[in-house]
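Written out below as C-alpha cells is the structure these notes cover.
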Amino acid sequence: MDIRSLIGMPLGYAKSVLEANKMAYSVTQTVSRSRFFACDETAIYVIRATAAADGSVVLLVNYSLKKSDSVSDALSHGE
C-alpha cells in the first residue's frame, strides 16, 4: 500500500484503511499557528504519512482550517 494515498484523508477513514490492511500506526497532531485561519475542531485530516523504522505508519494530523471573517471579507471584495 502506498501510504502517500492517506494524505488529505479524514483521520477516521485513514485509520480504517490502515486497520483493514493490518498495518500498525501512530498519530501525532500538529497545531496551526496561523492568525488568518481558525481551526474546525470537528474535522481532523492527515497532512503527512511516513514509515517508521519499525515498519509502522506515522500519521501527522491537523484540524481542517476555516477562513477567518477578515479573510472571507477580503476575498469577497476581490483582494
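What list of ³J(HN,Hα) couplings, whole Hz, do you get for the stretch 47-60 from phi and the Karplus terms 6.51, -1.76, 1.60, once you set θ to phi - 60° and write x for glycine and proline?
For the stretch 47-60, the Karplus-derived couplings read 10, 7, 10, 10, 8, 7, 4, 7, x, 7, 9, 9, 9, 9 Hz, x marking Gly and Pro.
Leaving out ligands, DNA and RNA, what percent of the accessible area of the chain is carbon and sulfur, probe 1.4 Å? Mind showing how you got there, number by number?
Working: 2840 of 5480 Å².
Here it works out to 52 percent.
Please determine, in degrees from 0 to 90 and to the nearest 10, the orientation of helix 11-20 with respect to the longest principal axis defined by the Cα atoms of the chain, where the helix direction is its Cα long axis.
With both axes taken from Cα atoms, the answer is about 20 degrees.
How much accessible area per residue does the stretch 10-50 have, counting only protein heavy atoms and a probe of 1.4 Å, in square angstrom?
On the way: 2960 Å² over 41 residues.
About 72 Å² of surface per residue is accessible.
Tell me, what is the percent relative contact order of the chain, built from C-alpha pairs under 8 Å that lie six or more residues apart?
Numbers: 118 pairs, mean separation 27.0, N = 79.
Over the chain, the number comes to 34 percent.
Give the ranking of Ser76, Ser32 by solvent-accessible surface, highest area first, calculated with a 1.4 Å probe.
Details: Ser76 85, Ser32 35 Å².
Per-residue accessible area, sorted high to low, gives Ser76, Ser32.
Which one, Thr42, Thr30, Thr50, has the greatest fluctuation when you compute a Gaussian network model over the chain with C-alpha springs under 10 angstrom?
Fluctuation is largest for Thr42.
The values are calculated or read from the model by the stated rules, or taken from the named source; none is laboratory data. Just so it is clear, the model here is predicted, and its values are computed rather than measured. Surface areas here come from the heavy atoms of the whole protein model, side chains and all, with no ligands, DNA or RNA. Shrake-Rupley method; radii C 1.70, N 1.55, O 1.52, S 1.80 Å.
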